[in-house]
1. Within segment 61-75, which residues are over 17 Å from the mean Cα position of the chain (by Cα) and either assigned to a helix (DSSP H, G or I) or more than 29 Å from Leu27 (Cα to Cα) (or both)?
2. Determine whether segment 38-60 contains at least one residue that is at pLDDT below 80 and either of a type in the set (Asp, Glu) or assigned to a helix (DSSP H, G or I) (or both).
3. Restricting segment 100-113 to residues that are of a type in the set (A, V, I, L, M, F, W, C) and assigned to a helix (DSSP H, G or I), which is nearest to Leu56 (Cα to Cα)?
4. Among the residues of segment 77-99, is any farther than 20 Å from Gly31 by Cβ, touching a helix residue (DSSP H, G or I) at 6+ places or on another chain (Cβ under 6 Å) and assigned to a helix (DSSP H, G or I)?
5. Under 6 Å between Cβ atoms, at least 6 apart or on separate chains: pull out the pairs that start in segment 19-48 with a residue that is under 23 Å from Phe103 (Cβ atoms) and end on any residue that is among the small types (Gly, Ala, Ser).
Amino acid sequence: MTTEFTATLAQAGYPAAFQSITLAHYLFISGAMFSLGLIGFLTRRNLIIMFLCTELMFQAAGLALVAFSRFHMNMTGQSFVIFIVTVAAAEAAMALALVVLLFRRRESLDAEEWSELKG
């Protein structure tokens, strides 16, 4: 079975098949988004930027799941994306609360300030 036949077979139903964009294109974009998010998270010290980079990594994982789900004509990946979005929303709410608390106490958004907030 050739790769061309496999790709055609996997996309042979409704909704319409990928046109000229293949699964590899979506996975490349997803990997690039995840890499940018990871690099941003590890190199920045501002908490808001760190949380935005975490959100970018969540969205990259969601994009990969949707691309695989569409390629294999299985809706399981798209169901998992709903959970990813839910976790991302909860993480954003907690992050905003913690950032506001830290800014009120230290008037700084530097990640090093977290070490001084021990019990």
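1. Going through segment 61-75, the residues over 17 Å from the mean Cα position of the chain (by Cα) turn out to be 70-75.
Residues satisfying the conditions are Arg70, Phe71.
2. Going through segment 38-60, the residues at pLDDT below 80 turn out to be none.
Checked segment 38-60: no residue is at pLDDT below 80 and either of a type in the set (Asp, Glu) or assigned to a helix (DSSP H, G or I) (or both).
3. From segment 100-113, those of a type in the set (A, V, I, L, M, F, W, C) are 100-103, 109, 111; that's our starting set.
Going one step further and asking which of them are assigned to a helix (DSSP H, G or I), we end up with 100-103, 111.
Values: Val100: 21, Leu101: 23, Leu102: 23, Phe103: 23, Ala111: 19 Å.
Selected residue: Ala111.
4. yes
5. Every condition considered, the pairs that remain are Arg45/Ala111; Leu47/Ala111.
The values are calculated or read from the model by the stated rules, or taken from the named source; none is laboratory data. Computed from a predicted structure; not experimentally measured. Here Cβ is always computed from backbone atoms with ideal geometry, including for glycine, and neighbour counts include all displayed protein chains.
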